[in-house]
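The values are calculated or read from the model by the stated rules, or taken from the named source; none is laboratory data. These numbers come from a predicted model, not from an experiment. For neighbour counting, all protein chains shown are included, and Cβ atoms are generated from backbone atoms with ideal geometry for every residue, glycine included.
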Amino acid sequence: MDQPRYLLGLDVGGTKIAAVVADGPGDILAKIRRPTPAALGPDAIVAEMTDMLTEVAGAVEIGPLDAAALGVSFGGPYDPVRGVVRDIPNLPDWGGVPLLRLLSDALPGVALAIDNDANAAALAEWRFGAGQGAEHMLYLTMGTGIGGGIVSDGRLYRGLRNAGGEVGHTVLVPDGAECGCGHRGCLEAYASGPAIARRAIEKLEAGEGVEFADALRDAGIALLELKTESIVEAARDGVTFAMDHLADTAFYMGWGIANAVSILAPEVVVLGTVATAAGDMFMEPLRRRVVDMAMPGVGDATRVEPAGLGDLVGDYAAIALAVDALAP
Ligand SMILES: [Zn+2]
């Protein structure tokens, strides 16, 4: 009888690396996590990766070379054509590192797919999460930035330089708020996690939300340290300022999504992080906005859903790539 075929995954971030092993259909069987030895440079990180794969594969009593495929979800810009990492601010020394070659040398005979974490998460939601069954899907996170990925005809749409799907950098407000990309007025400058907090701080400094500001002071939270998580929590507790602020955010996010929906006409738009945490009080106004602003006949046909994989998205992102590595 054939040996069961296992899939390996690595979710590589600036501070943590997770290694997982899954069965053929993608059910995760074991996981380990270690801090990224970022200061030691790429060679040490690749050595750590192979060491972790050996350990996690041991949980199903195989060696890493016995796995059918490895998927690597990489927390930074990656060039899948050349197989090298582009320059990354949070992992210095990685620019130009040939990750594909280093890992294929370490794991000869194991099918390998590497991609950036946003594309990999899009594939994961499509294969295992809220986008299952859709032929066309747009995935957006509202984390540190607004990451995105497009699945079209059941495949990742990569675009030039693997940079497709960056809906976060479409411009909503001419000469608007400064964005991390260097431009002004991008969706990301209004609806990423840090941008949601920044907009709230601006309102509070201007004298809005006095009760909320008082509550923060009583809790010993300095205004400049206000985090989006606290705003979402306050909104769930029924604090008017926080609820209104999330509704404003849904306005911007819905606007950005409506533009993307008019271009792509996806069956479903899947939203991670803030959208998942805030639930209906955020999703309902956002859905109305998409219907109001997207091309008539498309906006009301597109479903907008919170992500289905939650905190496990990174694990499934790596495994979704491993499944892809085996696709003909
Ligand atoms: Zn931008």
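The figures follow:
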| quantity | calculated |
| --- | --- |
| Enumeration of residues in the range 64-78 that are outside any loop (DSSP other than H, G, I, E, B) and either in contact with a Phe, Trp or Tyr (Cβ under 8 Å, 6 or more places away or on another chain) or crowded, with 17+ Cβ neighbours inside 10 Å (or both) | Pro64, Asp66, Ala69, Leu70, Gly71, Val72, Ser73, Phe74, Tyr78 |
| Number of the condition not met by Met142 [criteria: (1) in a helix (DSSP H, G or I); (2) buried (at least 17 other Cβ atoms within 10 Å of the Cβ)] | (1) |
| Matching residues, the range 193-224, being of a type in the set (Gly, Ala, Ser) and out of contact with any helix residue (DSSP H, G or I) (no Cβ under 7 Å at 6 or more places or on another chain) | Ala206, Gly207, Ala215, Ala219, Gly220, Ala222 |
| Complete set of residues in the range 187-204 that are more than 16 Å from the ligand (Cβ to nearest atom), touching a residue at least 40 places away in the same chain (Cβ under 8 Å) and among the hydrophobic types (A, V, I, L, M, F, W, C) | Ala200 |
| Residue that is nearest to the ligand (Cβ to nearest atom) [pool: residues in the range 146-186 that are at positive phi and surrounded by 13 or more Cβ atoms within 10 Å (Cβ to Cβ)] | Gly185 |
| Per-region count, the range 11-38, residues part of a loop (DSSP other than H, G, I, E, B) and over 22 Å from Gly95 (Cβ atoms) | 5 |
| When residues of the range 181-206 are limited to those that are touching a His at 6+ places or on another chain (Cβ under 9 Å) and farther than 14 Å from Thr249 by Cα, the one modelled with the lowest pLDDT | Cys181 |
| Which listed residue, of Arg217, Arg161, is in contact (Cβ under 8 Å) with a residue 60 or more places away in the chain and more than 25 Å from Leu286 (Cα to Cα) | Arg161 |
